[in-house]
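The values are calculated or read from the model by the stated rules, or taken from the named source; none is laboratory data. Keep in mind that what you see is a predicted model, and the values were worked out from it rather than measured. Cβ placement follows ideal geometry from the backbone for every residue including glycine, while neighbour counts extend to all protein chains displayed. With ligands, DNA and RNA removed, areas are computed over all heavy atoms of the protein, side chains included. Shrake-Rupley method; radii C 1.70, N 1.55, O 1.52, S 1.80 Å.
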Amino acid sequence: GIVGCLGIGATVVLKSKFSAGQFWEDCQQHRVTVFQYIGELCRYLVNQPPNKAERGHKVRLVVGSGLRPDTWERFVRRFGPLQVLETYGLTEGNVATFNYTGQQGAVGRASWLYKHVFPFSLIRYDVTTGEPVRDTQGHCVATSPGEPGLLVAPVSQQSPFLGYAGGPELARGKLLKHVFQPGDVFFNTGDLLVCDNQGFLRFHDRTGDTFRWKGENVATTEVAEALEALDFLQEVNVYGVTVPGHEGRAGMAALALRPPHSLDLVQLYAHVSENLPPYARPRFLRLQESLATTETFKQQKVRMAKEGFDPSTLSDPLY
């Protein structure tokens, strides 16, 4: 965000730490017109109690990534009118997408023109092996509309992959060879996306977060979105945990309640049964005051999965 502002001569307002309670007053005070969000930042804002500053701001555009569809709708309804520009990209990646049409829940659109300038493909991916699916010729297989696929982009002079600081082994697994033609090289984003019939791209899950249970693939983001529709839940983190004597991983959800609500297990069970197939329904629940995130407000799934569901080691309420 800073480099972009330097490029066009815009003013940047920086704060040492994000404050959801002070945010809109800061926007008013500094006459902010655009802000950049990441991860769950927008969810923190919609979960704040109302204040006068949230409607008297001059913000016209918000730009970022990781805005969940349920939060998107609540955010625009409460703080609008403003435009949301949801993007997808990686610091080291050679591909990025922009949702320039404002379609809620999408991270971009795979139009012919866009793919001509910024080429990319969605290919079939086997969650069990952690590898792309290949045909009898050894080439990868493009996905059909509505089918989750691994996002890959050809490496070329126009869209290079520059690697990482450190040894070349750090880049291992990030480059796929012989994808569609012998000798071609593609950058592996490690992310699963879905392209619908209209060409809109939606983030599906990270390859490391999707797990298998009862022979089916479970996307943690899909399960989380279903649970977040319940008004008594403020935050949800879904991940897979290993269960002795069972193949794959069973679904577990860490939940943070929206004050002053309490956990309604009857309603939760009915909602999950109605909105998720049996294999995707979480088998374990963990109740927490607030959910752990990284410095960029991304949920910590790996740590939670390691902690599992052992009541002798966890003090949180478990179901």
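The distance between label points at GLU92 and ARG74 comes to 3.5 nm (points 7 Å beyond Cα on the Cα→Cβ vector). Between LEU318 and THR129, the C-beta separation translates, for a Förster distance of 30 Å, into a calculated FRET efficiency of about 0.40. Net length available on complete extension from HIS261 to HIS178 is 24.5 nm, with 0.36 nm assigned per residue and the Cα-Cα distance removed.
Quick check: with the 1.4 Å probe, what order do ASP231, ASP310 take by accessible area, largest first? Intermediate results must be reported in sequence, preceding the final value.
On the way: ASP231 90, ASP310 65 Å².
Putting ASP231, ASP310 in descending order of accessible area: ASP231, ASP310.
Annotation: amide H of ASP205 within the under-5 Å range of LEU192, sequence separation 5 or more or interchain, hydrogens built in the peptide plane. Using a probe radius of 1.4 angstrom, the carbon and sulfur fraction of the accessible surface of region 2-89 is 55%. For region 218-247 and region 55-113, what is the separation of their Cα centres, given in Å? About 24 Å separates the Cα centre of region 218-247 from the one of region 55-113. Taken along the Cα-to-beta-carbon direction at a fixed 7 Å, the label points for VAL243 and LYS306 span 2.4 nm. Near HIS30, once Lys and Arg are set to +1 and Asp and Glu to -1 for all other residues with Cβ below 14 Å from its Cβ, the sum equals +1.
The mean sequence separation of alpha-carbon pairs under 8 Å and at least six residues apart, normalised by the residue count of region 105-205, gives a relative contact order of 33 percent.
Given their separation in residues at 0.36 nm each and the Cα-Cα distance between them, PHE297 and GLN137 gain 53.4 nm when the chain is fully extended.
Overall, region 1-141 carries a charge dipole of about 580 debye about its Cα centre when +1 sits on the Cβ of Lys and Arg and -1 on the Cβ of Asp and Glu, all other atoms neutral. From zero outward in steps of 20 Å, how is the percent of C-alpha pairs of the chain spread across the bins? For the chain, the binned pair fractions read 28, 57, 15, 0 percent. Quick one: pull the percent of accessible area on region 105-205 belonging to carbon and sulfur, 1.4 Å probe, ligands and nucleic acids left out. Looking at region 105-205 in its full context, I get 56 percent from C and S.
Hey, any idea what the orientation-averaged projected area of the convex hull of region 208-307's Cα atoms comes to, in nm²?
Approximately 6.5 nm², given one-decimal rounding.
Taking a sphere under 9 Å around the Cβ of GLN288 and counting the other residues whose Cβ falls inside, with K and R at +1 and D and E at -1, yields a net charge of -2. One chain, two ends: PHE18 and ASP196. Fully extended at 0.36 nm per residue, the span grows by 60.6 nm beyond their Cα-Cα distance.
Accessible surface calculations at 1.4 Å, restricted to protein heavy atoms, place the chain at 55 Å² per residue. Each of ALA96, GLN28, ILE2 was scored by the projection of its Cα onto the charge dipole of region 1-103, and the greatest displacement toward the positive side belongs to GLN28; charges sit on the C-beta of Lys, Arg, Asp and Glu. Just so you know, the Cα atoms of region 2-89 work out to an Rg and Dmax of 12.6, 36 Å. Summing charges over neighbours of ASP191, with a neighbour being any other residue whose Cβ is under 10 Å away from its Cβ, gives -1 when K and R count +1 and D and E count -1. Put a dot 7 Å past the Cα of GLU25, heading toward its Cβ, do the same for PHE284, and the two dots end up 4.2 nm apart. Listed by chain and number, the lysines whose alpha-carbon sits under 26 Å from that of LYS58, ignoring those within fewer than 8 places in the same chain, are LYS15, LYS17.
Cross-link pairs exceeding 25 Å between alpha carbons, from the set LYS177/LYS306; LYS214/LYS306; LYS115/LYS214: LYS177/LYS306; LYS115/LYS214.
Please arrange ILE8, ILE123 by accessible surface area, largest first, computed with a 1.4 Å probe and ligands excluded.
Values: ILE8 140, ILE123 0 Å².
Correct descending sequence by accessible area is ILE8, ILE123.
Please check: in the Gaussian network model of the chain (C-alpha springs, under 10 Å), which one of GLN104, GLN288, GLN181 has the largest mean-square fluctuation. Top of the fluctuation ranking is GLN181. Looking at the chain, the DSSP beta bridges with both ends there are about 75 percent antiparallel.
Protection proxy ranking for 245-254, 55-64, using the average of other Cβ atoms within 10 Å per residue and placing the highest first: 245-254, 55-64. Membrane-span-like helices in the chain (whole DSSP H runs, Cα extent of at least 30 Å along the helix axis, mean Kyte-Doolittle hydropathy of at least 0.5): none found.
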